[in-house]
1. State which residue is nearest to residue 43 (Cα to Cα) when the search covers only segment 111-124 and only residues that are hydrophobic (A, V, I, L, M, F, W, C) and modelled with pLDDT of 90 or more.
2. Does residue 127 satisfy the criteria of being under 14 Å from residue 46 (Cβ atoms) and either touching a Leu at 6+ places or on another chain (Cβ under 7 Å) or of a type in the set (Val, Ile, Thr) (or both)?
3. Pairs under 9 Å by beta carbon, first residue in the same structural domain as residue 119 (by TED's automatic domain parsing) in segment 53-70, partner outside any strand (DSSP E or B) and of a type in the set (Asp, Glu), six or more apart or different chains?
4. Among the residues of segment 125-134 satisfying the criterion of being of a type outside the set (Phe, Trp, Tyr) and modelled with pLDDT of 85 or more, which is surrounded by the fewest Cβ atoms within 10 Å (Cβ to Cβ)?
5. If you check every pair at least six apart or on different chains, which have Cβ atoms under 9 Å apart with a residue in segment 1-15 that is on the phi > 0 side of the Ramachandran plot first and a residue that is modelled with pLDDT of 90 or more second?
6. Within segment 74-114, take every residue that is polar (S, T, N, Q) and more than 17 Å from residue 130 (Cα to Cα) and give me the one that is surrounded by the most Cβ atoms within 10 Å (Cβ to Cβ).
7. How many of the residues in segment 108-130 are among the charged types (D, E, K, R) and within 16 Å of residue 97 (Cβ to Cβ)?
Amino acid sequence: MLIVAVVVVAIAGYAVFRLHGIFGSGHDTSTPDALSDEIVPFNPKHVVLEVFGSPGSVATVNYLDINAQPQRANDVALPWKYETTTTQPAVLVNVMAQGDGDSIGCRIVIDGVVKDERQVNTMNAYTYCLDKSG
């Protein structure tokens, strides 16, 4: 009985060894360093959101950061600015502001190029700027 058990275990072990060889589990599948997929760096984007208005006025500013997460800044003195840099291929930016003065404006600048700019002249002015192509 013991001899039969040893023979069965030996045959099973040999069969598993041969199956590993047939299906290629013993082969190294990693690529050499020269063929690795390297991320090619590209120029980062410099994003600037600006809100400006009457001297001495304050505003409530709502904006989307570079990760498209809504943010809020309450009662900030104007002019207000949010600057950041990203390596994302595209950026959706939006800024909305309402101030207590009679004039307010906003501007979106990406890599030194003005993408959107608006100015409103009215009591408790409200404005917004949006850029989907950044």
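1. Here is the first cut: in segment 111-124, the residues hydrophobic (A, V, I, L, M, F, W, C) are 113-114, 120, 123.
Of the ones still in play, those that are also modelled with pLDDT of 90 or more are 113-114, 120.
Numbers: 113: 15, 114: 18, 120: 34 Å.
Step by step, filter segment 111-124, then rank; the result is 113.
2. Working: under 14 Å from residue 46 (Cβ atoms): no; either touching a Leu at 6+ places or on another chain (Cβ under 7 Å) or of a type in the set (Val, Ile, Thr) (or both): yes.
Answer is no for this residue.
3. Listed pairs, sorted by first residue: 53/100; 53/102; 54/100; 54/102; 57/100; 57/102; 58/100; 59/100.
4. Filtering first and then ranking leaves 130.
5. If the second residue must be modelled with pLDDT of 90 or more, no pairs are left.
6. The residue in question is 103.
7. Initial filter on segment 108-130 (among the charged types (D, E, K, R)): 111, 115-118.
When the remaining residues are screened for being within 16 Å of residue 97 (Cβ to Cβ), the result is 116-118.
The qualifying residues number 3.
Residues checked against (1) at pLDDT 90 or above; (2) in contact with a helix residue (DSSP H, G or I) (Cβ under 7 Å, 6 or more places away or on another chain); (3) of a type in the set (A, V, I, L, M):
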position: 36; (1), (2), (3): no, no, no
position: 39; (1), (2), (3): no, no, yes
position: 48; (1), (2), (3): yes, no, yes
position: 61; (1), (2), (3): yes, no, yes
position: 66; (1), (2), (3): no, no, yes
position: 73; (1), (2), (3): yes, no, yes
position: 77; (1), (2), (3): yes, no, yes
position: 83; (1), (2), (3): yes, no, no
position: 87; (1), (2), (3): no, no, no
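The values are calculated or read from the model by the stated rules, or taken from the named source; none is laboratory data. Everything quoted here is computed from the prediction, not taken from an experiment. As a convention, Cβ positions derive from the backbone with ideal geometry for all residues, glycine included, and neighbour counts pool all protein chains shown.
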